[in-house]
Ligand SMILES: Nc1nc2c(c(=O)[nH]1)N[C@H]1C(S)=C(S)[C@@H](COP(=O)(O)OP(=O)(O)OC[C@H]3O[C@@H](n4cnc5c(=O)[nH]c(N)nc54)[C@H](O)[C@@H]3O)O[C@H]1N2
Ligand SMILES: Nc1nc2c(c(=O)[nH]1)N[C@H]1C(S)=C(S)[C@@H](COP(=O)(O)OP(=O)(O)OC[C@H]3O[C@@H](n4cnc5c(=O)[nH]c(N)nc54)[C@H](O)[C@@H]3O)O[C@H]1N2
Ligand SMILES: [Mo]
């Protein structure tokens, strides 16, 4: 028997980006575990990723190219050879692009973070679509509201080192269910708690994380901007400001303080749905405990005002001088620390556009855009351009994850749309494909990774040979490029060449691939307390209040709420949020039997008060509905949901739910104030006992 231990990296869209070790026996991966030597992984993986071999060897893996024989959405396919599939796909794409590629914008790539790898993400794929002249994709579905807001404030997506939270005396966990979606941060928060730190959680839902904090502020969804203004009001009123830090390192505080003074605790409390004393208490802790650290996460920016709220919260650490200490400040994303090290131009080869400027499609409005005709206007009035005639989907499951799902599915069901899906499984999206192409998993291919929650670059070596006829995304696009007659040498780069191209040379501030290969990971050089003396990556080194084009940040009310849409709120009085289920990763792992068994079935958490008012008992089937759609779930009545808010968990595969639907039937396609992102958690619904019990 031969046994090997292979270095890998968790590919999933999670801030933790763990270093993994894969045990391989006779060519089969039998176990993955967290690398004990990697500082932020410290030997532990989450439950779901420790099941990665179960996912990889899943009997339902797609292991041969498939061609559709049934109706779109039916999931009926026959196996075909690679050559036949790629010949036909190349011919269809060439025909749609037309002579000289004049109509190439009718072809749209659709991808997100099924893998966060730089090689299996946007490397060969980007080169392929750039050369083709296809539409560009605006990848907004997760983090662009908060990400762009953070960059507007600090100059880049940068923040604290996650390790230093262990030394904080106050940790505010804001819009983050750390135990579910940022487990390795939670380890540091627990160390701090044991050393006497106070933990406060700001979240409409009473999550596992909220339960384990000293205080929980169950704010209404979309009210975080008001809360931040309320904290500022109290910092001013009690003079808990660090005037020296503000004078030297904040641009525009006078305008913001004027605004903050309009937000006394009583006004804030009414908007947030909490007590005024809770606002005062939060401000007192934040203004007086040092060092104070905020772990902001993306849960709070999936509402109309998510960008403004992020800007307001991101300014708080500067006002109290929290950045002076390495255990003070804020972390939303660390991904900007990697930007100088990365070489996206070499990897993605935008130069292959050769002067063409294709239109951009926003992935979050794919539902509406698939149903738009040539010459139509977009929602914002700008011309749409050619009708979408082909979609090539990889690393994403839009039929399940994109908002306003009824329209997304209707778009994908268009008979005149040519759809290719690169996948591991027959997802809700793959079911709508003309061709499904079998892709390798993280155990079967090479990749390199950055992180948005720590500052290590990691390598993922291929641990096993590809299963069946599966190929890496890169290889599929490489072969498709050859069939299309793209003859630039860059289309022949192998995966190692791509991995080497992903980073600048170490001498130029990049990451040396051989070093990465030898050591498994490389830590970026980021100062311990990066903004102790200012030095934000903005033009003048100060963090910014008044940003050109964005103005001074303010509270922005939700699209749908009792105050902004009172008529709608009469019919649909409950705010629905749909945050991750612990044992799924967005829609990934929903088909892994052992993990689905833990989650059981789609649930809706509702408060005892709201349930009683509707005659709903715990465990009963309920119908959740609004003008966009309706779904049936099991009600969980209790403390998790606050009054007025219901929580639908996880992005279920529609076809694995009893009613064939998921929560995105109810969400809409309106975009956030900054970053053109979806507002998944800005959604009014009504709930009633389901008339007909559905089979589980
Ligand atoms: N187990 C697991 N881990 C995951 C994921 C997963 O699906 N499962 N998804 C991964 C991905 S893609 C991402 S982007 C991250 C997401 O992780 P986070 O950035 O933490 O975001 P969410 O989990 O969407 O939401 C976090 C919390 O925000 C709360 N929340 C909702 N609306 C509001 C609001 O208006 N204000 C405030 N203050 N809180 C609000 C939710 O109730 C939730 O508990 O996690 C990653 N990790
Ligand atoms: N209602 C609601 N909707 C949401 C969210 C929410 O909180 N509530 N969260 C949103 C967020 S934060 C995000 S990030 C999006 C996530 O949406 P997606 O990025 O679509 O993520 P997943 O649902 O995990 O689907 C990723 C798919 O990629 C496939 N995949 C993985 N690795 C590879 C590979 O190497 N090659 C190929 N070809 N395929 C691969 C997986 O099998 C999986 O089916 O969903 C969003 N949708
Ligand atoms: Mo995400």
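Of the candidates 638, 644, the single residue that is surrounded by fewer than 15 Cβ atoms within 10 Å (Cβ to Cβ), away from ligand 2 (no atom under 16 Å from the Cβ) and not assigned by TED's automatic domain parsing to the domain that holds residue 405 is 638.
Scanning the range 171-187 for residues that are surrounded by fewer than 24 Cβ atoms within 10 Å (Cβ to Cβ) and more than 14 Å from ligand 1 (Cβ to nearest atom) turns up just one, 187.
Scanning the range 152-170 for residues that are more than 14 Å from ligand 1 (Cβ to nearest atom), surrounded by 22 or more Cβ atoms within 10 Å (Cβ to Cβ) and assigned to a helix (DSSP H, G or I) gives 152, 153, 154, 165. Mind listing whichever residues of the range 71-87 are at pLDDT 95 or above and either on the phi > 0 side of the Ramachandran plot or assigned to a helix (DSSP H, G or I) (or both)? Within the range 71-87, 82, 83, 84, 85, 86, 87 meet the criteria.
Of everything listed in (1) in the same structural domain as residue 681 (by TED's automatic domain parsing); (2) under 19 Å from residue 647 (Cβ atoms), the single unmet condition for residue 570 is (2).
Residues checked against (1) free of Cβ contacts under 8 Å to residues at least 60 places away in the same chain; (2) farther than 29 Å from residue 428 by Cα:
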site	(1), (2)
14	no, no
23	yes, yes
27	no, yes
31	yes, no
42	no, yes
50	yes, no
53	no, no
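Summed over the range 564-582, the residues that are more than 16 Å from ligand 3 (Cβ to nearest atom) and touching a residue at least 60 places away in the same chain (Cβ under 8 Å) give a count of 9.
Of all residues in the range 358-369, those satisfying the criterion of being within 17 Å of residue 140 (Cα to Cα) and in contact with a strand residue (DSSP E or B) (Cβ under 8 Å, 6 or more places away or on another chain) are 359, 360, 361, 362, 363, 364, 365, 366, 369. Would you confirm, using the coordinates I've provided, whether residue 211 is farther than 24 Å from residue 452 by Cα, in contact with a strand residue (DSSP E or B) (Cβ under 9 Å, 6 or more places away or on another chain) and free of Cβ contacts under 8 Å to residues at least 12 places away in the same chain? Considered against the rule, which asks whether it is farther than 24 Å from residue 452 by Cα, in contact with a strand residue (DSSP E or B) (Cβ under 9 Å, 6 or more places away or on another chain) and free of Cβ contacts under 8 Å to residues at least 12 places away in the same chain, residue 211 comes out as yes. Only a single criterion out of (1) within 12 Å of ligand 2 (Cβ to nearest atom); (2) under 29 Å from residue 673 (Cα atoms) is not satisfied by residue 126, namely (1).
Inclusion of residue 356 among residues that are over 24 Å from the mean Cα position of the chain (by Cα), outside the structural domain of residue 506 (by TED's automatic domain parsing) and either outside any strand (DSSP E or B) or more than 16 Å from ligand 2 (Cβ to nearest atom) (or both) is not warranted. Of all residues in the range 94-115, one or more are more than 29 Å from residue 523 (Cβ to Cβ), within 16 Å of ligand 3 (Cβ to nearest atom) and at pLDDT 95 or above.
Restricting to the range 43-62, name every residue that is part of a loop (DSSP other than H, G, I, E, B) and surrounded by 15 or more Cβ atoms within 10 Å (Cβ to Cβ). First the steps, then the outcome.
Going residue by residue through the range 43-62, those that are part of a loop (DSSP other than H, G, I, E, B) are 43-48, 57-62.
Scanning the range 43-62 gives 44, 45, 46, 48, 57, 58, 61, 62.
Taking the numbered list (1) closer than 20 Å to residue 211 by Cα; (2) within 23 Å of the chain's Cα centre (by Cα) in turn, residue 591 passes all entries but (1).
Filtering the range 662-674 to residues that are touching a helix residue (DSSP H, G or I) at 6+ places or on another chain (Cβ under 6 Å) and buried (at least 24 other Cβ atoms within 10 Å of the Cβ) leaves 662, 664, 672, 673, 674.
Residues that are touching a residue at least 60 places away in the same chain (Cβ under 8 Å), over 16 Å from residue 433 (Cβ atoms), in contact with a strand residue (DSSP E or B) (Cβ under 6 Å, 6 or more places away or on another chain) and surrounded by fewer than 18 Cβ atoms within 10 Å (Cβ to Cβ) are absent from the range 78-99. Of the residues examined, residue 262 is not one that is in a helix (DSSP H, G or I) and either under 30 Å from residue 643 (Cβ atoms) or in contact (Cβ under 8 Å) with a residue 24 or more places away in the chain (or both). From the list 333, 281, 364, the one residue that fits, being under 15 Å from residue 228 (Cα atoms) and either away from ligand 2 (no atom under 16 Å from the Cβ) or not in a strand (DSSP E or B) (or both), is 281. Look at residue 614 and say whether it is farther than 30 Å from residue 226 by Cβ, at pLDDT 95 or above and either within 16 Å of ligand 1 (Cβ to nearest atom) or more than 27 Å from the chain's Cα centre (by Cα) (or both). No: the conditions fail for residue 614. Exactly one residue among 61, 68 is over 27 Å from the mean Cα position of the chain (by Cα) and at pLDDT 95 or above, and that residue is 68.
Here is the figure for the range 427-467: residues that are within 22 Å of residue 10 (Cα to Cα) and either in a loop (DSSP other than H, G, I, E, B) or free of Cβ contacts under 8 Å to residues at least 12 places away in the same chain (or both) total 21. Would you confirm whether any residue within the range 292-310 is free of Cβ contacts under 8 Å to residues at least 60 places away in the same chain and either in contact with a strand residue (DSSP E or B) (Cβ under 8 Å, 6 or more places away or on another chain) or within 16 Å of ligand 2 (Cβ to nearest atom) (or both)? Scanning the range 292-310, I find no residue that is free of Cβ contacts under 8 Å to residues at least 60 places away in the same chain and either in contact with a strand residue (DSSP E or B) (Cβ under 8 Å, 6 or more places away or on another chain) or within 16 Å of ligand 2 (Cβ to nearest atom) (or both), so the answer is no.
The values are calculated or read from the model by the stated rules, or taken from the named source; none is laboratory data. All of these numbers come straight from a predicted model, not from anything done at the bench. Neighbour counts are summed over all protein chains in view; Cβ atoms, including those assigned to glycine, are modelled from backbone coordinates with ideal geometry.
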